[in-house]
Amino acid sequence: MNMAFDRFALGGIALAAWLLYSYFLYPFYLSPFANVPGPKLAAMTSWWIRWIDFGGHRSATIDGLHRKYGRIVRVGPNELSFTGAEALQKIYGAGSAFYKPEYFYNIFIA
């Protein structure tokens with residue numbers, strides 16, 4: 001067989017294995033967020049929510065997802081959305097262990 005063909009075939013197999021792992025195996029079975037409800041596309045990519053952002057409908061879309069799936073919704077491979085007073089207090093409340101970048105507090109400056 002041709003050496004170039006062997007390398008090409010091996011590269012194709014490696015690419016197919018990476019795609020299978022990255023877009024199906026990891027997001028749906030191995031990710032820490034695999035059991036969080038949400039659209040299947042959200043598990044695979046965050047481009048769909050960026051497209052919604054671009055159209056200016058993120059809030060309405062996420063509200064609809066919460067109405068459909070509940071208080072915790074997966075909106076991206078590594079992004080969750082929470083709703084409810086308890087989640088708000090735990091995430092944004094005083095003494096919260098969640099990281100907040102320095103610019104987070106700029107919204108409170110007049």
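For the range 38-59, which positions are surrounded by 11 or more Cβ atoms within 10 Å (Cβ to Cβ), part of a helix (DSSP H, G or I) and among the small types (Gly, Ala, Ser)?
Of everything in the range 38-59, those that are surrounded by 11 or more Cβ atoms within 10 Å (Cβ to Cβ), part of a helix (DSSP H, G or I) and among the small types (Gly, Ala, Ser) turn out to be ALA42, ALA43.
Restricting attention to the range 20-47, and to residues there that are under 10 Å from the mean Cα position of the chain (by Cα) and among the hydrophobic types (A, V, I, L, M, F, W, C), which single residue is farthest from ARG58 (Cα to Cα)?
Applying the filter and picking the extreme gives PHE33.
For the structure I just gave you, tell me whether PHE28 is outside any helix (DSSP H, G or I), open to solvent by 40 Å² or more (accessible area, probe 1.4 Å) and either within 27 Å of PHE98 (Cβ to Cβ) or in contact with a Ser or Thr (Cβ under 6 Å, 6 or more places away or on another chain) (or both).
no
Residue by residue, here is whether (1) in a helix (DSSP H, G or I); (2) surrounded by fewer than 12 Cβ atoms within 10 Å (Cβ to Cβ); (3) in contact with a strand residue (DSSP E or B) (Cβ under 9 Å, 6 or more places away or on another chain) holds:
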residue	(1), (2), (3)
ASP6	yes, yes, no
LEU15	yes, yes, no
PHE24	yes, no, no
VAL36	no, no, yes
THR61	yes, no, yes
LYS68	yes, yes, no
VAL73	no, no, yes
ILE91	yes, no, yes
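For the range 75-89, which residues satisfy the criterion of being surrounded by 13 or more Cβ atoms within 10 Å (Cβ to Cβ), over 22 Å from TYR23 (Cβ atoms) and in contact (Cβ under 8 Å) with a residue 12 or more places away in the chain?
Across the range 75-89, the qualifying residues are THR83, ALA87.
The values are calculated or read from the model by the stated rules, or taken from the named source; none is laboratory data. The structure presented is a predicted model; accordingly, all values stated were derived computationally and were not measured. Note that we place each Cβ from the backbone using ideal geometry, even for glycine, and neighbour counts take in every protein chain shown. Each accessible area value is taken on the protein alone, full model and side chains, heavy atoms only, with ligands, DNA and RNA left out. Shrake-Rupley method; radii C 1.70, N 1.55, O 1.52, S 1.80 Å.
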